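For reference, the structure discussed in these notes is given below.
The values are calculated or read from the model by the stated rules, or taken from the named source; none is laboratory data. In this text, all values refer to a predicted model and were calculated from it rather than measured experimentally. Glycine gets a Cβ as well: all are built from the backbone with ideal geometry, and neighbour counts include every protein chain shown. To get the accessible areas, we keep the full protein, side chains included, count just its heavy atoms, and leave off ligands, DNA and RNA. Shrake-Rupley method; radii C 1.70, N 1.55, O 1.52, S 1.80 Å.
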Amino acid sequence: MNPRDGDADGRLLAAVEHLRGAATQLRLPLQIPDVDEARSGRRALVQQLDDYVLPRLRSLDAPLLCVVGGSTGAGKSTLVNSVVGHEVSKSGVLRPTTLSSVLVHHPQDRRWFVDSRVLPGLARVTGAARERHDPSAVRLVPAEALASGLALLDAPDIDSVVRANRELSRQLLAAADLWLFVTTAARYADAVPWELLRQAAERGTSVAIVLNRVPPEAMEEIRLHLSQMLREHGLGKSPIFTVAEVALTAEGTLPAKQVARLSGWLSSVAGDARARSVVIRRTLAGALSSLSSRSADLNAAAAAQVQARDHLRAAAHAAYDDAVAGVNEGMEDGSLLRGEVLARWQELVGTGEFLRQVEAGISRARDRVTAWVTGKPVSTEPLGDALQSGAAALITAQAQLGASTASRAWRSSAGGEPLVQQHPELAKPSPDLDERVERLLRDWQKEVLDLVRDQAGRKRATARYLAFGVNGLAVMLMLIVFSATAGLTGAEVAIAGGSALLAQRLLEAVFGDEAVRAMARKARAALIRRVEELLAQERGRYEAALDEVPLSRTAIEDVAAASAEVEASR
C-alpha cells in the first residue's frame, strides 16, 4: 500500500465499506457440500473487515496492534508478562492456559482501544483478571513499561480444546498489524500453527517468531531448521527471537536477558513512526490484496447455492410436468373407459344389442339408439358421474405421484433434505386436493355444456338434439375426450373403442364430423389447461419453500462489484 492522498484513501474506505455491506447481505442458507467452509470464510472475511481493515483505514496513525499467538503451553502469557515486567496475563500449568483475551497498552493509548474502533464484537473489561473467562470480552490493561504506539494482545491458544477459544484466536490474529508467533523447541513443527502461518504469508501479514524453551546446546540447530521452514513458507524475512530453556524468576517471568532483544525490537518499532508505518502498511496492503480472491471464493460459494436452488426448482417442475403427462396419458390410453364408465355406457345402450351393433356397423347402431330415445331425452347422469369419478381418481393419483416424486428428488439433491424436513407436508398433496379436483371437473363439465350449446345453435329444435338433450350430448363429448385406446388390448379395445366411436357417430349425426372433432379438441385442451393450473398450484408449495431461502443473484453481483471497486481504489 503506497502513500495516498486524502481523496484516494476516502475512495478506498468507501469501497471496503461497500464490500463489507455486500458480504454481510450475501447468504449461504442451503446445506450443500463445502458450505460450512464457505460460511466460515464469509464470517472470517466480515470479521477481518470489521476488526482490522476498516478500523485501520480510518486510523492509520493508531497504535500498532501486536497479537501474541501460538499453541497451548507455548508460554505466550509468560512472555507478555516478561516484556511488560509484571503479571498482566495469568499463566499456569492447566490447559488451556490463556482463557481470556488481554490487551496491554500504554496509558496514553487507552482512547484507541476503549471503544469499539477495533474488535467491535468484543466487550471491554477493565480491572483485575476474573476467575471466570469470557471469550466475548477483551480485558484492557494499562502498562507504563510498554512503549506508546504499541499494544500487545495475548490471544487464546490456536489449538485449544475449547472451540470458542480456537475461533477467537483466529479472529484476533486476523485483526493484528503484527503477529508475534510463540512456539517451543518441542513443538515448532506442529501442523496447526504452520497452517495459520501459511495463511499469514498469503495475506501479507507481518510476522515475528519467538522460539521459546530452547535447550542451549540445540539452539543453533533448531534455529537454522526453523529458519529453513519459514523460507519454505514464504516467511523468510520474519525475525526470529530465541529464548533459552531457563528457570523463571520469583515473579514468574523470564529473566530480563532472555527477552531483552525482543523487548528492544518492539520498542524500536513502536518508537519509530516510519518503522511502525512500514509494518502497519505492509499488513494492511496484504489484507487488502487478499480481498479479491476471498470475495471470489464467496461468490463461487453463493453461485453454487443458486445452482442448487435452481436444481431443486427444476426437480419440482419435472415431477409435476410428469404428473400432467400422466393425466394426458390416462386420458389417451382409454383406461377411463373401463370399469364403472363402461358399465354405465352399457346400461345406456344395452349390452348384448350394443355388442352386436358394434360388429354389424356403427351407423345402424346410431339409427337404433336415436329411434329408441326419440321423444324422450336419454338419462346420462350415471355415465357422467362415472366419467367424473374416473377423471377425479386419475388427476388425484397424479397429484399424489407428483408430490412424492418431487419430495424424493429433493431428498436426494444437495440442499433438499433439510427443506423437506422443514416442510414435511410437501411429500403429500394439499389437504383440500379432493375438493379442488371436484370443483375443477364441475367447472370443466360446465365448459363442455357451454361448448355444446354454442355449437348447437339452431339445431336445438331437431329431433336428434332433443333425443339426447344438452347434458346427454355433453356426456358423449366427454366420452370422446377419453377415447384413445393405446393402453387396451383384445376385447377391451373393441368395447371401449366401440363405445367412443358410437358416441362420436351419434354426435356427428347432430353436429357434423368436423364440428365434433373441433369440440373434442377444445374440450380436451380445456381439461388439460385446468389440470395444469391445479398441478401448478400444487407445485407452488415447493416454489414457496424455495422462495423462503434467502438467496439473491443481485447480492452476488454486488459483492463482485464491491471487490472490483476495492481493487481499483488500492
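Got a number for residues in segment 511-570 being under 30 Å from Leu312 (Cα atoms), free of Cβ contacts under 8 Å to residues at least 12 places away in the same chain and more than 32 Å from the chain's Cα centre (by Cα)?
2
Quick one: in segment 38-50, of everything that is open to solvent by less than 50 Å² (accessible area, probe 1.4 Å) and out of contact with any Pro (no Cβ under 7 Å at 6 or more places or on another chain), which residue is farthest from Leu119 (Cα to Cα)?
Filtering first and then ranking leaves Ala38.
Taking helices (runs of 4 or more DSSP H) that do not extend beyond segment 160-257, which have at least 3 residues that are open to solvent by less than 10 Å² (accessible area, probe 1.4 Å) and either more than 22 Å from Asp50 (Cβ to Cβ) or touching a residue at least 40 places away in the same chain (Cβ under 8 Å) (or both)?
Here the list reads 163-174.
Scanning for something modelled with pLDDT of 85 or more, more than 30 Å from Ala399 (Cα to Cα) and not in a helix (DSSP H, G or I), does segment 504-525 turn up at least one residue?
Within segment 504-525, not a single residue is modelled with pLDDT of 85 or more, more than 30 Å from Ala399 (Cα to Cα) and not in a helix (DSSP H, G or I).
Mind checking which pairs have a first residue in segment 26-55 that is more than 26 Å from Thr205 (Cα to Cα) and a second that is of a type in the set (Lys, Arg) and open to solvent by 50 Å² or more (accessible area, probe 1.4 Å), Cβ under 8 Å, 6 or more apart or different chains?
Leu26/Arg42; Leu28/Arg39; Leu28/Arg42
Please list, ordered by residue number, the helices (runs of 4 or more DSSP H) wholly in segment 18-108 having 1 or more residues that are under 30 Å from Asp310 (Cα atoms) and β-branched (Val, Ile, Thr).
Output list reads 35-48.
For segment 193-228, what are the residues that are charged (D, E, K, R) and closer than 18 Å to Thr283 by Cβ?
The answer is Arg198, Glu202, Arg203.
Would you be able to say whether some residue in segment 122-138 is open to solvent by less than 10 Å² (accessible area, probe 1.4 Å) and touching a helix residue (DSSP H, G or I) at 6+ places or on another chain (Cβ under 9 Å)?
Checked against the condition, which is being open to solvent by less than 10 Å² (accessible area, probe 1.4 Å) and touching a helix residue (DSSP H, G or I) at 6+ places or on another chain (Cβ under 9 Å), segment 122-138 yields at least one hit.
Which of the residues belonging to segment 188-220 are in contact with a helix residue (DSSP H, G or I) (Cβ under 8 Å, 6 or more places away or on another chain) and among the charged types (D, E, K, R)?
Glu202, Arg203
Would you check if Thr283 is over 42 Å from the mean Cα position of the chain (by Cα), of a type outside the set (A, V, I, L, M) and buried (at least 16 other Cβ atoms within 10 Å of the Cβ)?
no
Of these, Leu440, Leu426, which one is open to solvent by less than 50 Å² (accessible area, probe 1.4 Å), out of contact with any Leu (no Cβ under 6 Å at 6 or more places or on another chain), part of a helix (DSSP H, G or I) and not aromatic (Phe, Trp, Tyr)?
Being open to solvent by less than 50 Å² (accessible area, probe 1.4 Å), out of contact with any Leu (no Cβ under 6 Å at 6 or more places or on another chain), part of a helix (DSSP H, G or I) and not aromatic (Phe, Trp, Tyr) holds for just one of Leu440, Leu426, which is Leu426.
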